[in-house]
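The numbers here are math on the coordinates, done by the rules we state, and not lab data. Computed from a predicted model, the values in this text were never measured in an experiment. As a convention, Cβ positions derive from the backbone with ideal geometry for all residues, glycine included, and neighbour counts pool all protein chains shown.
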Amino acid sequence: MTQASPTAPAWRGIAAEEAEEISGKLGTLLRRRSRRLLNDLLRPNRKLAVTVFLLIVVAQFAALVGPWLVGVGIDRIPQLETTHNAGPMALIIVAFAVAVIAQAWATRAYIAGIGRLGGRVVIELRRRLFAHFQVLPVAFHERYTSGRVISRQVSDIDSISDLFDEGLAALVSSLLSLVLVGGGMLLLDWQLALVVMAGFIPLTWLSAWFRRESAVAYRRTRETIAQVIVQFVETFGGIRAVQAFRREDRNEEIFDALNQANADANLRSQRLLAIFFPGVTLVGNLAIGAVLLYGGDRVIDHQMKIGVLVTFLLYLQRFFDPLIDLSQFYSSFQSAGAALEKISGVLDEAPSVPEPEHPRALPAVPGEGGGREVRFDQVRFGYRKTTVLPDLRLTIPAGQTLALVGATGAGKTTIARLLARLYDPLEGSVRLDDTDLRELSEKTLRHEVVLITQENFLFSGSIADNIELGKPGASREEVVAAATAIGAHGFISALPGGYDEDVGKAGGRLSAGQRQLISFARAFLAAPAVLVLDEATSLLDIPSERLVQEALTRILTGRTAVIIAHRLSTVAIADRVLVLERGQIIEDGTPAELLASEGEYSALHASWQESLA
Amino acid sequence: MQTPPPQTPAAALWRMREYMRPYYLTLALMITAAIVAVTAETMIPLITKSVIDGAIAHGSRRELLPLGLAATALGALQAGLNFYRRWSLAGAVNGMEKTIRGDLYHHLQQLDPGFHDSWQSGQLLSRATNDLSTIRRFAGFGTVFFITSTWTFLLIVALLIDMNWWLGLLTGCLFAPVGVLCLRFEKKYRVLSRQYQDQTGDLATYVEEAAAGIRVLKSLGRRDEAAARHLGLSRLVYRSQVGKARLRGTFWAGLDLAPNAAIGLLLLLGALAVSWHQLTLGGLVAFVTLTLLLIWPIEAMGFIIATGQEAATAAQRIYEIFDTAPAITDPDVPEDPQPSITAARARKAAGKKTQASTGSIAGRPATAPPASPAAATARTGHLRFDAVTFSYPQAPEPVLRGITLDLAPGETVALVGATGSGKSTLLQLVPRLADAASGLITLDGADIRDLPLPELRARVGCAFEDPTLFSASVRENVSFGVRDATEADVLAALQAAQAEFVADLPWGLDTRIGEQGMALSGGQRQRVALARAILARPEVLLLDDPLSALDVHTEAKVTAALADVMADSTALVVAHRPSTVLLADRVALLADGVIAAIGTHHELLATQARYRALMSADDLGGSDDDGRNAPGLAGART
Ligand SMILES: Nc1ncnc2c1ncn2[C@@H]1O[C@H](COP(=O)(O)OP(=O)(O)OP(=O)(O)O)[C@@H](O)[C@H]1O
Ligand SMILES: Nc1ncnc2c1ncn2[C@@H]1O[C@H](COP(=O)(O)OP(=O)(O)OP(=O)(O)O)[C@@H](O)[C@H]1O
Ligand SMILES: [Mg+2]
Ligand SMILES: [Mg+2]
């Protein structure tokens, strides 16, 4: 991976890895991979697919019988004039009626069927993609950015959905008409049929050209729309900052460029279609001319009946129209293919923080409070080129409350993340009751270790929903109890909707401190064996913080806890304090010990005391 | 924010034509080309008729050749015209889509944060992507198809009538039920497609949230629950999708039925007509062929109605946004009930130039953009709140009930209040991210609503409690809206915010800090945001709990550096800790929506019980009287 992608504009800055789009050379590999995915998605729906297929066949047959009966009927007309026997004619018309009704019925059924089939494939794809994004590690998301995550799931899936909506019926029915009409023509008059089929020579060439060009063009449209989405999402996610800092004009410049690139990419793909479709029409029309000339000639020579010529002309329409449909499908397919490429790329992305194949179970919790021992065993970790934690050795006995303090950027959050296995250490291991975290299943791990992050993010939905995230299925009483314990009940019950009040987008209808209380309530509800709190009270006022602390001392008895805080008030409830500097532990002891030792902690404490004055 | 008047989807779609205006000529040419093309196509069966009735009946090859060649030429003409139509159409519709999307983005940027709070982000996104491409598709083919298929239909029926008037009329009439079918279909489909589009928006919203909240979901281990919620939303989309398909199937079948029934009847009656010598055999063949040609325009009608319906609801959804007039506007922009966004953008672009030449960040106050002549004189950052009230929509009670506060030029005031008391709300009124419901906020004597927004926002700098950072370089994040910030400016701001750590980042100022600044530590993010706020050396500085994520040492350093910066700025600083309060000359206590007290830290500590409760650290230093009840505020801060 290069350090900066050539497409990233300078203002974006440089990142270690660009999750940039894959070069065109991998085209075939990508196609194979996306075809595999498509097959995979269709397989469970085989029955439905076959039913739909049969219905299309019925509809097509019925549609073909029609013109044939018309031809037969026309051939009968001279006879009718002489014999005046309307019987056979009536029979033909009845048969025609049957064919027409069958066609209508089958059409109706197959369109609905395809809707269902497409819907199922798409929902499965959505499900998989979403689940996979959830499994992929934080490091992946950092690189990929949420805008792209969204664009994969919104815009790319749409274009696959279009394939089913528009393309699939066209594919089957047009292929079928091609085969049937082609066969019918061959049976009726093979010489004339061969003349028609000569048209396939230019068509093959044309579609080869189209495939080549459109694969590139559609890929480009996928990439450019993703960039548009990224910019869109970022701007409106931070609209307050955008407006307060008058970023609008600059943003507009950036957006206009991205939007232009997207329009150019779309234009290119549509211009390809502008060549391709009329090209197909041209070949079809030339064939009609040829049939008229050659067929007429043969009728004049009495080598062929007029009825056959008529049927041929009727068929021709059903022969080349499907070709247009087929091209339409082909274009949807190419577009969906480009989307599928991107999606299968994500699905093939192996999580760098993988779940073990044979997860180990943890021993039953020995202590009464349910705490577990945590050990960092010669852990080395860094995000980019730099090492954040050079060699961390740390054992936190079960039930201990550990406070982690230190300058900003020292690596406190990093330790918390490793403990919650948002990242894996580069070297060494993090162990829970002597079991490597990498050997635990996701379920066990999340049951045992809960991290309340420095960034408290609320989901839109009610307050209760958001607290419940700590323990899905918790009863309302439990939710209220958790909120009460940390002193959030007061403001919640003052809201018009109480616990059912919608928190708004990203919790925007609550104040920052209120949001933090809600995230905190989650931890309280989850009550895991190991609780990690990263700056969980930094935005609270002092009385609220005090309440939270009281609540904490209660739930932490027996549990293992890591509390990260800059407010040394929080440290008061800790059994042990670690002072971290540049990823290294420089002091370790009980608060009282450290205070007495006149080291960094006591210096911190002194200036803190001073600041309280 | 004004809620737009409801508008029918069809009316909304019709309004979209303003975006087609630049392409009217192209469109006219295209439609002409399309009409000629279908006419050419329609001529081919007539040639067939001549071939059968003429050349073949006479057994004459000499007649056959020119007819065959004519058919070929017409075919080539049709293909050529189709090429032209598609080629120029592509340019037009892409141009249109781009313009609408650009306008949408522009308009959304103008709308106040209150609007954005009330709209789910996915709903906005799905309008800017899905809905727009639906409209593009319709604008491209819908209009052309509509005209050509109507034309084809009329042309063919006319030809049929010309061949045999009663048979022709009859055929025309047979298609009457199709009209009824279309109308019924349209009505049902409209409901379904709106529902489908709204559900897609909800799904997009959740997708977006799950992406943004991935860390929370992961650290709580809630991926199964998230997946279940996502699946639930996807199912709704699926159901509407299937419902749509079912409806389409019925409709399509009906569309197939009509022309075929016509052909069957024709065959019967045509046979009679031939036997009565009212029609030649070749005439009947041409008749049937032509009737077959009717299938296409009718199916196209179906397609147009379906996509037109989707496009119309999409247009409706888009105009819901366009019709929301920005609640917070520049004083010089008159409230235009039907603002043409393109025009507004053009106006803006013109304004941009003048502003760029005057607006500079270098030194204040000398080079601050002189705007209204009244304000051009003494400009010192005298900020006054006078009986300011504010309440959030849907909230039962106002948050601010009459804030009166006077910040002398250069003064620093700390704003102290319990969690949720309205401190951030008060701050956001100053750069007009929201407007006060009543009361007056003045800057150097001028009502802030009379100042042009860019000017006001240039004079006011703020740091929010969550450092809103963007996935861009440090430099870009710090200079942000200020285009002409030099490297020295950026470095000076970073220095003042004690963010020298930037030098240690792998690529220094050019390092990308990740989405939301996630590649930085919490304290680093906060300092970058602080640097952004002080970069322009604004007259008024609003800092919302600016030191919450900093350790004690760094806090002290930032405090010292900030004191320097704030010496010549008027500053309002939200504070939860005594350490932050120390930045200030005076402290204002916000409680119950009013400024309950104002004075120095020590004065308030001495006289205000509520203030003592908020600031006293008695039992926070590890002393043993933990159990002492915290004076009512936490519980009663409702
Ligand atoms: N996702 C990331 N990618 C790259 N670098 C990172 C990332 N997260 C943190 N860092 C860097 O790692 C170092 C340690 O960060 P960490 O978040 O652990 O600090 P911290 O001790 O929690 O600081 P704070 O008190 O400010 O929250 C910092 O220098 C930071 O820039
Ligand atoms: N967008 C909104 N819609 C409705 N109510 C809101 C909205 N934003 C805030 N509120 C409510 O208004 C009150 C004041 O919120 P504000 O964010 O101003 O508090 P604050 O004083 O800044 O608190 P904190 O110290 O926690 O940051 C809170 O009770 C909050 O629930
Ligand atoms: Mg941190
Ligand atoms: Mg606040």
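Relative to the longest principal axis of the Cα atoms of chain A, helix A:476-485 runs at roughly 40 degrees. Panel values: the protein assembly as shown, Kirkwood radius from alpha carbon pairs, Stokes-Einstein at 37 °C and 0.692 mPa s, translational diffusion coefficient 96 µm²/s. Take every DSSP beta bridge whose two residues both sit in chain A, then give the antiparallel share in percent to the nearest 5. Percent antiparallel among DSSP bridges in chain A is about 50.
Beta bridges assigned by DSSP with both partners in region A:374-612 are antiparallel in approximately 50 percent of cases. Close amide-amide hydrogen proximity is noted between A:Asp541 and B:Thr419, each under 5 Å apart and 5 or more residues distant or on a separate chain (H modeled in the peptide plane; Pro and chain starts excluded). When only Cα pairs under 8 Å and 6 or more residues apart are kept, what is the percent relative contact order across chain B? It comes to 14 percent, rounded to a whole number. Charged side chains reduced to their Cβ positions (Lys and Arg at +1, Asp and Glu at -1) give the protein assembly as shown a dipole of some 4240 debye around its Cα centre. Give me the angle, in degrees from 0 to 90, between the Cα long axis of helix A:27-42 and the longest principal axis of the Cα atoms of chain A, rounded to the nearest 10. That helix lies at roughly 90 degrees to the long axis.
Summary value for region A:374-612: 27 percent relative contact order, contacts being C-alpha pairs under 8 angstrom separated by 6+ residues. How big is the charge dipole of region A:425-566 about its Cα centre, in debye rounded to the nearest 20, if each Lys and Arg gets +1 on its Cβ and each Asp and Glu gets -1 on its Cβ? The dipole of region A:425-566 has a size of about 220 debye. Pairs exceeding a 26 Å alpha-carbon distance, out of A:Lys342/A:Lys443; A:Lys385/A:Lys471; A:Lys342/B:Lys218; A:Lys342/B:Lys187: A:Lys342/A:Lys443; A:Lys385/A:Lys471; A:Lys342/B:Lys187. Take every pair of alpha-carbon atoms less than 8 Å apart whose residues are at least six positions apart; their mean separation over the length of region A:309-468 yields a relative contact order of 24 percent. In the protein assembly as shown, the DSSP-assigned H stretches of four residues or longer account for a calculated mean residue ellipticity at 222 nm of -20000 deg cm²/dmol, using -39500 (n - 2.57) per stretch and the full residue count as denominator. Extents of region A:374-612, taken as max minus min of Cα coordinates on every principal axis and listed largest first, are 51, 46, 35 Å. In chain B, the longest principal axis of the Cα atoms and the axis of helix B:487-496 are about 50 degrees apart. Taking the charge dipole of chain A about its Cα centre, with +1 at Lys and Arg Cβ atoms and -1 at Asp and Glu Cβ atoms, the residue from A:Leu176, A:Ala536, A:Thr107 reaching farthest to the positive side is A:Leu176. The convex hull defined by the C-alpha atoms of chain A has an orientation-averaged projected area of 37.8 nm².
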